[in-house]
1. Being closer than 19 Å to K89 by Cβ, in contact with a Leu (Cβ under 9 Å, 6 or more places away or on another chain) and crowded, with 19+ Cβ neighbours inside 10 Å is the filter here; which residues of region 10-28 pass it?
2. Anything in region 211-251 that is farther than 17 Å from T189 by Cβ and of a type in the set (G, A, S)? List them, or say none.
3. Does D184 qualify as being among the charged types (D, E, K, R) and in contact with a Lys or Arg (Cβ under 9 Å, 6 or more places away or on another chain)?
4. From the list I113, I127, I64, which one is modelled with pLDDT under 85 and either closer than 24 Å to Q243 by Cβ or assigned by TED's automatic domain parsing to the domain that holds L34 (or both)?
5. Considering (1) within 23 Å of E145 (Cβ to Cβ); (2) under 18 Å from the mean Cα position of the chain (by Cα); (3) of a type in the set (D, E, K, R), say which one E82 fails and leave the rest.
6. Identify the single condition in (1) within 16 Å of the chain's Cα centre (by Cα); (2) surrounded by fewer than 17 Cβ atoms within 10 Å (Cβ to Cβ) that Y115 does not satisfy, given that it satisfies every other one.
7. Hey, does region 32-45 have a residue that's among the polar types (S, T, N, Q), in a loop (DSSP other than H, G, I, E, B) and surrounded by 15 or more Cβ atoms within 10 Å (Cβ to Cβ)?
8. For D84, are the conditions met, namely being surrounded by fewer than 18 Cβ atoms within 10 Å (Cβ to Cβ), of a type in the set (D, E, K, R) and more than 27 Å from P24 (Cβ to Cβ)?
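The values are calculated or read from the model by the stated rules, or taken from the named source; none is laboratory data. From a predicted model like this one, the values you see are computed outputs, not experimental measurements. Here the Cβ positions follow ideal geometry from the backbone for every residue, glycine too, while neighbour counts run over all protein chains shown.
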Amino acid sequence: MSFNDILKCLFGHSAPIIVLYGKPDSGKTDFGLLIAQKLLELKLISKFASNILVYDDDRNTKEIREEYTKVVSAEALKKWLEYDRHIRKLWILDECGEHIDSRNPLSKLNKEIRYLGFRVRKYRSKIVFIIQRRKDLESTFRSEELVCAVFKKLSRKTAIVKSDLLIRKFGEDIVLLNNIPKTDIAFDTYDIAPFELEEDIDVSTGKSPCCLVAKLYVESGNFSIIGKQMNLAPMQIKRLMQQHLKHTLKGS
């Protein structure tokens, strides 16, 4: 069976959630974007979004730039899911141990993501959660009733996928994937992958929050003004400025 056959089996099912986990430097983010890339090629999705910094320039094809939206808040995610809800979409949440931590199940962000997790099927969409340790994932997203497949990244080139859906199609529920290629989607591997509860940013523009902060700083040169316009704390502005400098200098 091929990787494409596995993706067709898993993403052709109505269960909405995939979990991808593994040790640091095992290529989880790259693999998550490879899944998005292949799903686009197979026409299983038409759009995808994530908190991953995917470059909005010639490092990516025009198609990828048009099909991708960076979403870094639950508020923005709901808007993205609601827009063109007849279109099949994929949302990838990277570094999700920081955002839906099992040790803080009652946080507002945890509750909001749980709500979206239950609702995402209604939007004809799927979720890929990327985390280092599966046990750190909020308990709702370890449920077999919601999670249709689990990928464990063993190294940059190998992974195991486990799903009951594979039994029906291939007669076994665990498959070893070898010689996994790198994704063609260019992204910043050092990005902090933020995700918060609310955001005063119009994601329909397709602009990264860090780029919007940098633009406003050029125009006003004043963190207080930026904070009022975007409803951000000074430390959030500083972090986004640092993020903007990282990906700008990397591309120079």
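1. L10, F11, P16, I17, I18, V19
2. A214, S220, G221, S224, G227, A233
3. no
4. Values: I127 fails: modelled with pLDDT under 85; I64 fails: modelled with pLDDT under 85.
After applying the criteria, what remains is I113.
5. Only one criterion is unmet by E82, namely (1).
6. That leaves (1) as the condition not met.
7. The answer is no, given that none of the residues of region 32-45 is among the polar types (S, T, N, Q), in a loop (DSSP other than H, G, I, E, B) and surrounded by 15 or more Cβ atoms within 10 Å (Cβ to Cβ).
8. Here the answer is yes, as D84 does meet what is asked.
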